[in-house]
1. Taking only C-alpha pairs under 8 Å that are 6+ residues apart, what is the relative contact order of the chain in percent?
2. How do 286, 93, 239 line up, fewest other C-beta atoms within 10 Å first?
3. Given the options 178, 58, 300, which has the most mean-square fluctuation in a GNM of the chain, springs set between C-alpha atoms less than 10 angstrom apart?
4. Once both axes come from the Cα atoms, what is the angle between helix 247-264 and the longest principal axis of the chain, in degrees from 0 to 90, rounded to 10?
5. Debye calculation, C-alpha points only, no solvent: report log10 I(q)/I(0) for the range 11-149 at q = 0.09, 0.13, 0.15, 0.20 Å⁻¹, in the same order as the q values.
6. To the nearest 0.05, how large is the calculated FRET efficiency for residue 45 and residue 71 if R₀ is 25 Å and r is the Cβ-Cβ distance?
7. Post the alpha-carbon centroid distance, the range 305-346 to the range 239-303, in whole angstrom.
8. Can you give the helix-only mean residue ellipticity at 222 nm for the chain, where every DSSP H stretch with n ≥ 4 adds -39500 (n - 2.57) and the sum goes over all residues, rounded to the nearest 500 deg cm²/dmol?
Amino acid sequence: MKLFRICFSGTRFRPLSFEVPKPLFPVAGVPMVQHHIEACAKVPDMKEIILIGFYQPNEELNRFLASAQQEFKISIRYLQEFAALGTGGGIYHFRDQILSGGPTAFFLMNADVCSEFPLEDMLRFHRQREGSHCGIILGTTANRKQSLNYGCIVENQQTNEVLHFVEKPSTFISDIINCGIYLFTPEIFSHIGTVFQRNQEERLQCKAWKQLSEVIRLEQDIFTKLAAQKQLYVYKTQHFWSQIKSAGSAIYASRLYLNRYHETHPERLATKQEGGPKIIGDVFIHPTANIEPTAVLGPNVSIGKGVTIGAGVRLRESIVLHGATLQDHCCVLNSIVGWDSAIGKWARVEGTPSDPNPNDPYAKIDSETLFRDGGLTPSITILGCNVNIPSEVIIRNSIVLPHKDLNRSFKNQIIL
Ligand SMILES: Nc1nc2c(ncn2[C@@H]2O[C@H](COP(=O)(O)OP(=O)(O)O[C@H]3O[C@H](CO)[C@@H](O)[C@H](O)[C@@H]3O)[C@@H](O)[C@H]2O)c(=O)[nH]1
């Protein structure tokens with residue numbers, strides 16, 4: 001057993017991805033990919049975890065890898081692609097490293113998903129069908145309209161064999177969607193290799209070969225064919241799953257993970273302490289945060305390292321990143337407060353939640369576009385790093401880029 005793949009890009013995650021690669025952004029108090037790593041480390045016989053991306057490794061990534069390796073007692077490496085090779089091209093490029101040690105199967109996961117990661121269930125499902133396929137896709141049910149934003153899977157309901165796979169179809173195909181979490185056997189590489197060889201031949205034959213990209217996409221170039229050859233199965237999960245595309249979806253994912261901590265990490269959930277703040281619902285507080293006892297926090301709040309929270313502060317459905325200061329009596333709702341930002345006394349920072357429709361059991365979070373009908377779509381408020389909000393102003397549904405000193409109230413604006 002081996003591996004998972006990760007990618008560092010995150011354009012829809014700006015301005016937060018200016019400071020930190022999206023997979024290291026804290027969700028429920030720990031870096032987004034730590035949730036993947038924790039799930040992998042629990043799988044018996046997991047030999048190694050590999051992160052693959054095209055991001056230039058930096059000190060922060062190296063520090064994270066070293067500390068995760070120590071904490072989870074498993075080898076964790078980062079492999080950098082020389083260019084974005086696509087969801088299939090990256091793993092094909094590093095196939096020798098992935099197959100070293102002769103694993104019989106490996107997991108592959110998109111970094112930008114949050115899930116219970118039912119890896120052991122997938123493994124059991126795989127073992128019951130061993131020899132008859134080269135991949136298992138984790139699937140979940142979406143509503144008809146939203147299914148079009150995902151890879152859609154048509155299955156044989158008796159056998160769970162994938163009959164048909166279409167990436168982001170333009171008309172309804174199926175309400176079972178691809179979660180971006182897979183279990184593959186090494187055989188997958190011969191299928192990717194066929195596409196790679198064909199692409200190479202086309203490049204050599206084509207005079208404008210430089211323009212042909214080296215990208216291989218699992219979803220479009222591989223899965224559709226494998227489905228026709230009856231080489232894929234779908235394992236459907238009933239548990240929570242969500243994409244984390246935008247900053248708004250990070251708040252929603254935080255809520256899902258904080259709720260799961262009741263079972264997996266109760267020690268990460270804050271409880272009311274003598275002389276401590278009032279806690280409502282699920283809240284994560286980093287042990288180094290300094291919080292006045294009259295503050296009221298929650299539900300769904302994550303407070304990072306070294307954060308200072310003054311008297312009478314109200315904080316709900318928000319993520320406060322390390323080093324931020326919230327002065328007395330300010331109110332922060334549905335917002336992300338960037339690293340080292342400061343919010344003045346009695347200020348109000350507020351966004352609009354972008355949660356899935358609570359009345360639809362299959363609704364997923366919409367990957368909202370920034371603008372709709374010529375205006376900024378109401379969304380969570382995001383303060384980039386080192387932003388200063390003066391006392392007694394209101395910032396509503398706005399995105400503030402890093403290092404801004406605001407001097408008045410703003411509403412529905414991107415402050416550049
Ligand atoms: N290493 C690497 N990773 C990549 C590359 N391109 C994309 N990725 C990573 O691969 C994952 C899929 O990314 P997208 O190509 O942006 O697709 P998507 O819109 O997220 O849709 C995918 O995920 C959905 C579930 O969240 C699926 O439903 C869908 O079928 C598809 O797999 C993300 O984690 C992304 O960062 C690349 O060139 N190299």
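1. Values: 947 pairs, mean separation 50.8, N = 416.
Relative contact order here is 12 percent.
2. Working: 286 16, 93 21, 239 12.
Fewest-to-most ranking of 286, 93, 239: 239, 286, 93.
3. With Cα springs under 10 Å in the chain, the top fluctuation among 178, 58, 300 is at 58.
4. For 247-264 against the chain, the angle is about 80 degrees.
5. -0.31, -0.66, -0.90, -1.53
6. Details: r = 19 Å, r/R0 = 0.77.
Approximately 0.85, to the nearest 0.05.
7. About 14 Å separates the Cα centre of the range 305-346 from the one of the range 239-303.
8. Working: 9 runs with 92 residues, N = 416.
The helix contribution divided over the chain gives -6500 deg cm²/dmol.
All of the numbers you see were taken from the coordinates with simple rules; none came from a lab. Small disclaimer: the values here were computed from a predicted structure and weren't measured. Cβ atoms come from the backbone with ideal geometry, glycine included; neighbour counts cover every protein chain shown.
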